[in-house]
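**Q** My questions will all concern the structure given below.
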């Protein structure tokens, strides 16, 4: 079985086993943990063991959040049109930022 199919099977099983409410609560918890990990990084100095530990924590929490986001997509559908529009707006915002930087 390829990894994509196995991953999707795990995600589907989690949604079915634990249900919508539990997985939404878990998503909130995981996002909170990622927020906390990012805040810890801001309190460290670069190139220190504490910074390396904070970065490792960010990576771990990002994985947890991504897994929960993928389960949210299973529950409510993928936000492809919304994401496309948000990326378009971000691109326009970046263009505007660049124009202002050139003017300064």
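**Q** Rounded to the nearest 500, what is the 222 nm mean residue ellipticity of the chain from helices alone, with -39500 (n - 2.57) per DSSP H run of 4+ residues and division by all residues?
**A** -32000 deg cm²/dmol
**Q** Highest GNM mean-square fluctuation, the chain, Cα pairs closer than 10 Å: which of 48, 35, 62?
**A** So, out of 48, 35, 62, the one fluctuating most is 48.
**Q** Any idea what angle helix 80-103 forms with the longest principal axis of the chain, computed on alpha-carbon atoms, 0 to 90 degrees, nearest 10?
**A** 10 degrees
**Q** Kindly express, to the nearest 10 degrees and within the range 0 to 90, the angle between helix 3-42's C-alpha long axis and the longest C-alpha principal axis of the chain.
**A** Approximately 30 degrees, to the nearest 10.
**Q** Given springs between every Cα pair under 10 Å in a Gaussian network model of the chain, which of 53, 40, 86 has the largest fluctuation?
**A** With Cα springs under 10 Å in the chain, the top fluctuation among 53, 40, 86 is at 86.
**Q** When Rg is the radius of gyration of the Cα atoms in the chain and Rh is its Kirkwood radius, what does Rg/Rh come to?
**A** Using only Cα positions, Rg/Rh for the chain is 1.10.
Only the coordinates and a few stated rules stand behind these numbers; no lab work does. Keep in mind that what you see is a predicted model, and the values were worked out from it rather than measured.
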